[in-house]
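Just below is one structure, and these are the notes that go with it.
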Amino acid sequence: MLLTGSYRRALDDKLRLAIPKLLREQLQADAPLYLTPGLDGCLAIYPQAAFAALADRLAASSPAAREVRDYSRLFFSQATTATPDSQWRLRVPAELIKWAKLSGEAMIVGVRDHIEVWAAERWDEYVAQCDGQYEQLAEAALTLPVAALLRQSQETAAESSTAEEGRRTPR
């Protein structure tokens, strides 16, 4: 499943948002979706598998780390399950509407394994801010993980070398 594209949609009077056809074709019709606070002021909609993967990732983090505990509490306490109606509309809870400052027009954005819902004005501002940095963002996003892995392997090799030297007995 690969969720992509951006779509303008209206939030109706009953606080429902219609999921665009190209996105819903990638989602399971009978499976629940999870609405949560997202990052950068948006909401996130996770299919069950992506939500479970995120939960597993948080569970693998240290429960002693305050940031992990704080984020987990805030994230899971505000997450809610939602099942689309026959027209693939989701009712968004008022608390999440307020959190993301949604009213009137919203942008629905496919982001690989989840969907983000932005207030249209916020999305336009975000795109305007980041658009001129596309090349730098692409370079960082596509090369930093490789660089980090390379640095990690170099550090591991250096540690192994140091440990090997410590095991040698002087003559």
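The values are calculated or read from the model by the stated rules, or taken from the named source; none is laboratory data. Predicted model only: the values in this text are computed from it and were never measured. So basically every Cβ, Gly included, is an ideal-geometry build from the backbone, and we count neighbours across all protein chains shown.
Before moving on, here are some points about what is shown:
- Options 123, 99: the member that is of a type outside the set (A, V, I, L, M), out of contact with any Phe, Trp or Tyr (no Cβ under 6 Å at 6 or more places or on another chain) and at pLDDT 95 or above: 123
- Condition met for residue 23 (surrounded by 13 or more Cβ atoms within 10 Å (Cβ to Cβ) and either polar (S, T, N, Q) or in contact with a helix residue (DSSP H, G or I) (Cβ under 6 Å, 6 or more places away or on another chain) (or both)): no
- Residue tally, condition surrounded by 12 or more Cβ atoms within 10 Å (Cβ to Cβ) and among the basic types (Lys, Arg), over the range 44-101: 4
- Among the residues making up the range 114-135, those that are surrounded by 17 or more Cβ atoms within 10 Å (Cβ to Cβ) and charged (D, E, K, R) are 116, 122.
- Meets criteria (outside any helix (DSSP H, G or I), at pLDDT below 85 and either more than 23 Å from residue 1 (Cα to Cα) or not assigned by TED's automatic domain parsing to the domain that holds residue 22 (or both)) for residue 156: no
- Within the range 79-128, the set of residues being in contact with a Lys or Arg (Cβ under 8 Å, 6 or more places away or on another chain) and aromatic (Phe, Trp, Tyr) comprises just one member, 88.
- Unique match (being over 27 Å from residue 129 (Cα atoms) and more than 13 Å from the chain's Cα centre (by Cα)) among 100, 82, 50: 82
- Near pairs, Cβ below 8 angstrom, 6+ apart or cross-chain, from the range 115-144 (under 13 Å from residue 6 (Cβ atoms)) to any residue that is surrounded by 11 or more Cβ atoms within 10 Å (Cβ to Cβ) and among the polar types (S, T, N, Q): 123/6
- Counted residues, the range 86-102 - those being touching a residue at least 60 places away in the same chain (Cβ under 8 Å) and not hydrophobic (A, V, I, L, M, F, W, C): 5
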